[in-house]
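Participant: First, the structure itself, so that you have it in front of you.
The values are calculated or read from the model by the stated rules, or taken from the named source; none is laboratory data. Predicted, not measured: the structure shown is a model, and the values here were computed from it. All Cβ positions, glycine included, derive from the backbone under ideal geometry; neighbour counts span all protein chains shown. In case anyone asks, the SASA skips ligands and DNA or RNA and just uses the protein heavy atoms, side chains included. Shrake-Rupley method; radii C 1.70, N 1.55, O 1.52, S 1.80 Å.
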Amino acid sequence: MKFPSPTIHILLLLLFFSLLHKPIFAVKKSYVVYFGAHSHDPELSSIDFNQVTESHYEFLGSFLESYNTAKESIFYSYTRHINGFAATFEEGVAAKIAKHPKVLSVFLNSGKKLHTTRSWEFMGLEHDYGVMPSSSIWKEARYGEGVIIGNLDTGVWPESKSFSEEGLGPIPSKWKGICDNGADSDFHCNRKLIGARYFNKGYASVTGPLNSSFDSPRDNEGHGSHTLSTAGGNMVHGVSVYGQGYGTAKGGSPKSHVAAYKVCWPPINGDECFDADILAAFDMAIHDGVDVLSLSLGGGSTDFFNDSVAIGSFHAAMHGIVVVCSAGNSGPADATAENLAPWYITVGASTMDREFPSYVVLGNNITLQGESLSSARLPHKFYPIIKATDAKFASATAADAVLCQNGTLDPAKVTGKIVVCLRGITARVDKGEQALLAGAVGMVLANDKASGNEILADPHVLATSHVNFSNGVTVFSYINSTKFPVAYITHPKTKLNTKPAPVMAAFSSKGPNTIIPEILKPDITAPGVSVIAAYTEAEGPTNQEFDKRRIPYNSISGTSMSCPHISGVVGLLKALYPSWSPAAIKSAIMTTSTTLENDAEPLLNATDGQATPFSYGAGHAQPNSAMDPGLVYDSTIEDYLNFLCALGYNETQISVFSQGPYNCQKKFSVLNLNYPSITVPYLSRSVKVKRTLKNVGPPATYIVHVQNPSGIAISVKPSILEFKHVGEEKSFKVTLKAKKVKTTNNYVFGKLTWSDGKHYVRSPIVVKAL
């Protein structure tokens, strides 16, 4: 018998031990490798950009021990402003790359969600409360003329009248973008919709290969058209949703140019928009020349350098681009807000003074107001009404049936009746679909306790009324106490000038900030409930496969809808003050907002309690006042770099943004970032906070007024600031001192206001004493 040679023995042993430490089929995942900013001139040619990509291949190749393998692994090379790449490799490789001194971060290509409430539990018209600028302001800001608003979302429906080029001027000469219609030959741009791109390689790295239908910036879902038209849609007369809300639809900056960056796709395990695609879109949008970027999406809170939105928006801010983000739809619980960095505007959602009442008339002559935008109309007569739990299949659980979940309703018990479904878990419009499929003639959608008074007008597939919690209790009590309960649902109507308004939406995510508690988030609130705007005609208004209806304008709710309201206001400010920094524009919007509703009472939450800055930030936006703020709290990129230093990032890491060596300001405190709000989450005895105001109005003398938070004494020095010319800056210090009383360890709230008698520059104060 012939034995293997000693050399072969050694090789076999080495192979055996290597297999012990490494799986035969190691799992590969997609990652983003982030280096920071490019030091090259962004005006470089495609040859130069190719050299950047080559450097990325070589870098990854040094870890994979193969240039060709690295080239196959990298699916994005960020070459314009963001320096980095996205690639597929093993977790062990990611760990090694993360240790490289040139690498700021390596993070998984994770998914984010759209912030519309339909997917999970001003546009509007001329009656939107407090957010539609007056005609004089619109004219002064030229309706946003010349401003370019970009939108990272599900794309755009280019045929919508909201994206007509009628009345639009020439495309700005600075624009470098393109209309990349991919495989969609019917997709066209114009002088209104001046650019469109799509990014799906990060999505494909998770889902697997995509067919050619994904190669298009077309919006097949509706969300992107809705948000982009809210921010910058052209004026369109005679708009309604099934006859309701009739009026002229227009975006916040109706004469702006708009561009669509499609980064969100059909959900995979709930995720729709992936980090690698978001960064690619940011890199190109900055290159293209947008002035404003609107993002109605978000994900779980994480370290800023592991978050595509935080990274991309920082690079945008470095180039003077204002980024506006939605706060999320995970309310009403505290500490649920997303998009938490200080260099963009984070927007919560509130109601407007318009409702679409649909009444539930019970057999005992009690009439309850709900809301709906259902196209179906019931004949005027009473129908049997039944609780979903009494209409379930024997095999269905009561917990599932009460929510009218798929397959729980028994047609033998439901047909010809109005069924009562509880809100929660599944989409509101899906409950209506389940009721209709089971033979119901109508649905009463009743809020759970957490949703309180928040009712939303949706285009249900059957006659529906969405009622608040207390009215829902009344319906359930009537059914339980009546042998043959009956009811009728009236067809929706439009009601204007409703009170109180605005009210915070229950779904709107809230502070405190879970990443940096010294920064208040959200920053502001705007209308996000039952907002009417442009829509896709590729799907029905409920986005359910069952729904064969098609409408050009639709009503949706979510912080996805409030975010572009602020983007539209930013467009007006950009047109009016093109030299203002993103921080100055944010300050103008925040410091001129209101914390009162239209009855001059404090803003409420959805359960009738008084809302706080954790819900609304500085308050509900007031565009007219924002156009003349008097003073602003300005910040530079250097301020943000010092802020990052104070968070613990070292000078080597920071230098990748400063185009050279950077020396951190040693005594800089996170509390002293020149933010329009003041938040002190860990007050022990006393602390001093510094702020600086810049005059953007006429010469004036401002006097400070302070509303002290409970148990906190506040003093401001100096208490009078005199400004003699535009651009002059004055600093002041705020001393916060905990009074010698037993603290509750809860946050308390106050307000600081500078006024010259005409302007009121307001800042919320948020404090928690230890």
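Participant: Which of the helices (runs of 4 or more DSSP H) found entirely inside segment 386-437 contain at least 2 residues meeting this: farther than 29 Å from Ser555 by Cβ?
Facilitator: Output list reads 398-401, 411-414.
Participant: Looking at Val687, is it hydrophobic (A, V, I, L, M, F, W, C), out of contact with any strand residue (DSSP E or B) (no Cβ under 6 Å at 6 or more places or on another chain) and under 26 Å from Thr346 (Cβ atoms)?
Facilitator: no
Participant: OK, next. If you take the residues in segment 347-386 that are under 30 Å from Val323 (Cβ atoms) and among the polar types (S, T, N, Q), which one is most open to solvent (accessible area, probe 1.4 Å)?
Facilitator: Thr351
Participant: Right, here's the next one. Can you tell me which residue among Val486, Val473, Val420 is closer than 28 Å to Ser508 by Cβ, open to solvent by 10 Å² or more (accessible area, probe 1.4 Å), among the β-branched types (Val, Ile, Thr) and over 31 Å from the mean Cα position of the chain (by Cα)?
Facilitator: Only one candidate qualifies: Val473.
Participant: For segment 2-42, give me each residue that is at pLDDT 70 or above, open to solvent by 80 Å² or more (accessible area, probe 1.4 Å) and either of a type outside the set (Val, Ile, Thr) or part of a strand (DSSP E or B) (or both).
Facilitator: Listed by number, the residues that qualify are Lys28, Lys29, Ser39, Asp41.
Participant: Restricting attention to segment 429-452, report how many residues are open to solvent by less than 10 Å² (accessible area, probe 1.4 Å), among the basic types (Lys, Arg) and modelled with pLDDT under 95.
Facilitator: Summing the residues that are open to solvent by less than 10 Å² (accessible area, probe 1.4 Å), among the basic types (Lys, Arg) and modelled with pLDDT under 95 in segment 429-452 gives 0.
Participant: Restricting attention to segment 582-604, which residues are at negative phi and among the small types (Gly, Ala, Ser)?
Facilitator: Answer for segment 582-604, where residues must be at negative phi and among the small types (Gly, Ala, Ser): Ala583, Ala584, Ser587, Ala588, Ser593.
Participant: Test Asn543 against the stated conditions and say whether it is of a type outside the set (Lys, Arg) and either in a loop (DSSP other than H, G, I, E, B) or buried (at least 24 other Cβ atoms within 10 Å of the Cβ) (or both).
Facilitator: Criteria met by Asn543.
Participant: Please go through segment 173-216 and pick out each residue that is open to solvent by 20 Å² or more (accessible area, probe 1.4 Å) and charged (D, E, K, R).
Facilitator: Lys174, Lys176, Asp180, Asp184, Asp186, Arg191, Arg197, Lys201, Asp215
Participant: Given the criteria among the basic types (Lys, Arg) and either assigned to a strand (DSSP E or B) or under 22 Å from Trp343 (Cβ atoms) (or both), does Lys548 qualify?
Facilitator: Considered against the rule, which asks whether it is among the basic types (Lys, Arg) and either assigned to a strand (DSSP E or B) or under 22 Å from Trp343 (Cβ atoms) (or both), Lys548 comes out as no.
Participant: Please specify each residue of segment 587-619 satisfying the condition of being of a type outside the set (Phe, Trp, Tyr), open to solvent by less than 20 Å² (accessible area, probe 1.4 Å) and either under 24 Å from Leu693 (Cα atoms) or not in a loop (DSSP other than H, G, I, E, B) (or both).
Facilitator: Ser587, Ala588, Ile589, Met590, Thr591, Thr592, Ser593, Pro613, Ser615, Gly617, Ala618, Gly619
Participant: Give me the residue from segment 295-318 that is polar (S, T, N, Q) and over 16 Å from His38 (Cα atoms) and, out of that set, surrounded by the most Cβ atoms within 10 Å (Cβ to Cβ).
Facilitator: For segment 295-318, the residue satisfying everything is Ser296.
Participant: Being modelled with pLDDT of 50 or more and polar (S, T, N, Q) is the filter here, so list the residues in segment 106-126 that pass it.
Facilitator: If the condition is that a residue be modelled with pLDDT of 50 or more and polar (S, T, N, Q), then Asn109, Ser110, Thr116, Thr117 are the ones that fit.
Participant: Modelled with pLDDT of 95 or more, open to solvent by 60 Å² or more (accessible area, probe 1.4 Å) and more than 31 Å from the chain's Cα centre (by Cα), is that true of Val726?
Facilitator: So Val726 passes the test.
Participant: Moving to a separate point now. Quick one: Glu159 ticks every box in (1) outside any helix (DSSP H, G or I); (2) over 20 Å from Ala533 (Cα atoms); (3) not hydroxyl-bearing (Ser, Thr, Tyr) except a single one, so which number is it?
Facilitator: Looking at each condition in turn, Glu159 falls short on (2).
Participant: For segment 392-402, does any single residue satisfy the condition of being among the basic types (Lys, Arg), out of contact with any strand residue (DSSP E or B) (no Cβ under 6 Å at 6 or more places or on another chain) and either modelled with pLDDT of 95 or more or buried (at least 20 other Cβ atoms within 10 Å of the Cβ) (or both)?
Facilitator: Scanning segment 392-402 turns up at least one residue that is among the basic types (Lys, Arg), out of contact with any strand residue (DSSP E or B) (no Cβ under 6 Å at 6 or more places or on another chain) and either modelled with pLDDT of 95 or more or buried (at least 20 other Cβ atoms within 10 Å of the Cβ) (or both).
Participant: Same structure, new question: Residue under question is Val680, and the condition is that it be open to solvent by 30 Å² or more (accessible area, probe 1.4 Å) and modelled with pLDDT of 95 or more; does it hold?
Facilitator: no
Participant: Looking for whichever is farther than 28 Å from Leu496 by Cβ and at pLDDT 95 or above here; the options are Ala611, Ala618, Ala534, Ala575. Which one fits?
Facilitator: That would be Ala575, the only listed residue that is farther than 28 Å from Leu496 by Cβ and at pLDDT 95 or above.
Participant: I would also like to ask the following. Quick one: count up the residues across segment 43-60 that are surrounded by 12 or more Cβ atoms within 10 Å (Cβ to Cβ), outside any helix (DSSP H, G or I) and either over 34 Å from the mean Cα position of the chain (by Cα) or small (Gly, Ala, Ser) (or both).
Facilitator: Result for segment 43-60: 0.
Participant: Let me ask something else. Considering only segment 744-770, how many residues are open to solvent by less than 60 Å² (accessible area, probe 1.4 Å) and at pLDDT below 95?
Facilitator: 1
Participant: For segment 506-527, does any single residue satisfy the condition of being farther than 26 Å from Val767 by Cα and open to solvent by less than 20 Å² (accessible area, probe 1.4 Å)?
Facilitator: Within segment 506-527, one or more residues are farther than 26 Å from Val767 by Cα and open to solvent by less than 20 Å² (accessible area, probe 1.4 Å).
Participant: Looking at segment 459-470, which of its residues are open to solvent by 10 Å² or more (accessible area, probe 1.4 Å) and under 28 Å from the mean Cα position of the chain (by Cα)?
Facilitator: Val461, Asn468, Phe469
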